[in-house]
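Before any comments, here is the structure.
Throughout, read-outs are computed from the coordinates displayed, never taken from laboratory work. On a predicted model such as this, the values are computed, not experimentally measured, just so you know. Virtual Cβ from ideal backbone geometry, glycine too; neighbours counted across all protein chains shown.
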Amino acid sequence: MGLDDKIRNATDKAVGSAKEAVGDATDNRDLQAEGQVQKTAGHTRQAGEHLKDAARNVGDGLKS
């Protein structure tokens, strides 16, 4: 996983959590939902990057 991807995923998760918290505090369901979606997107992309890394490691192991 590249550094750019790690930063983007972490940013999405952090901003999503913040939006969700502000939505909770202000009783703004739209902002709360938007935060949940953004946080989930960051988690999902991070999981995809981990799968790519695992596949690359398996491929490298087979070449040896």
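Exactly one residue out of 55, 14 is aliphatic (A, V, I, L, M) and surrounded by 11 or more Cβ atoms within 10 Å (Cβ to Cβ): that is 14.
Please verify whether residue 56 is part of a helix (DSSP H, G or I) and in contact (Cβ under 8 Å) with a residue 12 or more places away in the chain, treating the condition exactly as stated.
No; evaluated as a whole, the condition is false for this residue.
Pairing residues of segment 23-40 that are in contact (Cβ under 8 Å) with a residue 60 or more places away in the chain with residues that are loosely packed, with under 14 Cβ neighbours inside 10 Å and not in a helix (DSSP H, G or I), at Cβ distances under 6 Å and at least 6 apart in sequence or on separate chains, gives no pairs at all.
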